[in-house]
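Shown below is the structure under consideration.
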Amino acid sequence: MKLSIVVPCYNEEEAVPVFLSAVTPILERTGLDYEIVFVDDGSKDSTVKVVTGMSAIYPETRLVELSRNFGKEAAMTAGFTYASGDAIIPMDVDLQDPPELIPEMVQKWQEGAKVVHAVRRSRETDSWLKRSTAGAFYRLMEDITDVKIPSNCGDYRLMDRAVVNAILSFPERNRFMKGIMAAAGFKATQVEYDRPERAAGHTKFNFWKLWNFALDGITGFSTVPLRVWTYIGGIIALFSFAYAFWIVTKTMIWGVVTPGFATLTSVVLFLGGVQLIGIGVLGEYIGRIVAETKRRPLFLVGALHGFDERGAGPSVVHLETAAAARGTF
Ligand code: UDP
Ligand code: MG
């Protein structure tokens, strides 16, 4: 049995050595064969040099070097494509996913679980803002999607080979991994942990990235935002009928009263705003349809390091062929 750890890295030169020295002894203790597949997500610092340098000390280190920054989700998919283990664990390089959980996860996997989620006991280490926005996001997701997306776990989980192959068979470019995991199903269990602060370096996510991440999640797994406009329009139309009726009645009783500039302006502006929001929602979906129909590769590999026993791989991996190609390069 072999375990693959998949580690996406973006400008993480400081964190890589700390990560390896913390994770390797724990992996050794599991008694399983293992490999650590780093994915360099187009780092601008010397992450690649650090990882390849460290492979002299840690021979089980592999590196998939992407041609540019594709984002964490695509980087993880690249890692899954090249990892050869019977079980795969994606981990952040900053040790916020505590490696001490690995033996417990492996044990649950050996007992038959196909997925072992690492679930956060609390979100105390997050800021108040991140906590409350995340809470609102997951409540909304719960209301408008059919899939059940767990709110307090990240990407840290153990997945059986069967699950990884299933994930790779999802053809969409939008890799909202939590949604894909939920849509894939499989027998899951969980282990609990407290999320520590980042060990080295600083966070790569800003408000804008998280906002787009949330939009990807919603548009990828729900059509409620598209359909809700029928009802909003219906309600507004109903109100306008009632209002028209009121105006007619008023005019018949008291005659014509011309003032009404303020009412008119606010109604026109309100409706204009509502229509623009509706068009904006359409735009969010259409933009994603464009991205999906182009069917561009999800990631491009610049170079592979440490995979020599399987020869040099293709530098372009289309997701459709990824599952089939695995093992043959
Ligand atoms: N990451 C990546 N590509 C990106 C952004 C982040 O591969 O475009 C990696 C990053 O190197 C780290 C993981 O994703 O290993 C989580 O990032 P970070 O710790 O910055 O996120 P946070 O824990 O603050 O949510
Ligand atoms: Mg982090």
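When ALA188 is evaluated against the numbered criteria (1) among the hydrophobic types (A, V, I, L, M, F, W, C); (2) open to solvent by less than 50 Å² (accessible area, probe 1.4 Å); (3) in contact with a strand residue (DSSP E or B) (Cβ under 6 Å, 6 or more places away or on another chain), which criterion, by number, is the only one it fails?
Exception for ALA188: condition (2).
Oh, and also: Which count do you get for residues in the stretch 8-60 that are closer than 16 Å to ASP97 by Cβ, within 16 Å of ligand 2 (Cβ to nearest atom) and touching a helix residue (DSSP H, G or I) at 6+ places or on another chain (Cβ under 7 Å)?
Counting residues in the stretch 8-60 that are closer than 16 Å to ASP97 by Cβ, within 16 Å of ligand 2 (Cβ to nearest atom) and touching a helix residue (DSSP H, G or I) at 6+ places or on another chain (Cβ under 7 Å) gives 8.
Matching residues to (1) outside any helix (DSSP H, G or I); (2) farther than 30 Å from LEU63 by Cα:
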site: ILE236; (1), (2): no, yes
site: PHE241; (1), (2): no, yes
site: THR258; (1), (2): yes, yes
site: ALA262; (1), (2): no, yes
site: LEU269; (1), (2): no, yes
site: GLY287; (1), (2): no, yes
site: GLU292; (1), (2): no, no
site: ARG296; (1), (2): yes, no
site: VAL301; (1), (2): yes, no
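While we're on this one: Residues of the stretch 232-253 being open to solvent by less than 90 Å² (accessible area, probe 1.4 Å) and either more than 51 Å from the chain's Cα centre (by Cα) or of a type in the set (A, V, I, L, M, F, W, C) (or both), which ones?
Answer for the stretch 232-253, where residues must be open to solvent by less than 90 Å² (accessible area, probe 1.4 Å) and either more than 51 Å from the chain's Cα centre (by Cα) or of a type in the set (A, V, I, L, M, F, W, C) (or both): ILE232, ILE236, ALA237, ALA242, ALA244, ILE247, VAL248, THR249, LYS250, THR251.
Would you mention how many residues in the stretch 155-165 are away from ligand 1 (no atom under 16 Å from the Cβ) and either closer than 16 Å to VAL191 by Cβ or open to solvent by less than 20 Å² (accessible area, probe 1.4 Å) (or both)?
5
Can you run down the residue pairs with Cβ atoms below 8 Å, 6 or more apart or on separate chains, where the first is in the stretch 199-222 and at positive phi and the partner is within 14 Å of ligand 2 (Cβ to nearest atom) and not aromatic (Phe, Trp, Tyr)?
Hits for this filter: GLY201/ASN11; GLY201/GLU12; GLY201/GLU14; GLY201/ALA15; GLY201/ASP94.
May I ask you to say which residue of ASN152, ASN174 is open to solvent by 10 Å² or more (accessible area, probe 1.4 Å) and in contact with a strand residue (DSSP E or B) (Cβ under 6 Å, 6 or more places away or on another chain)?
After ruling out the rest, the residue left standing is ASN152.
The values are calculated or read from the model by the stated rules, or taken from the named source; none is laboratory data. Since the model is a prediction, treat every value here as computed from it, not as a measurement. Every residue, glycine as well, gets a Cβ built from its backbone with ideal geometry; the counts of neighbours run over all protein chains shown. Note: areas computed on protein heavy atoms with side chains; ligands, DNA, RNA excluded. Shrake-Rupley method; radii C 1.70, N 1.55, O 1.52, S 1.80 Å.
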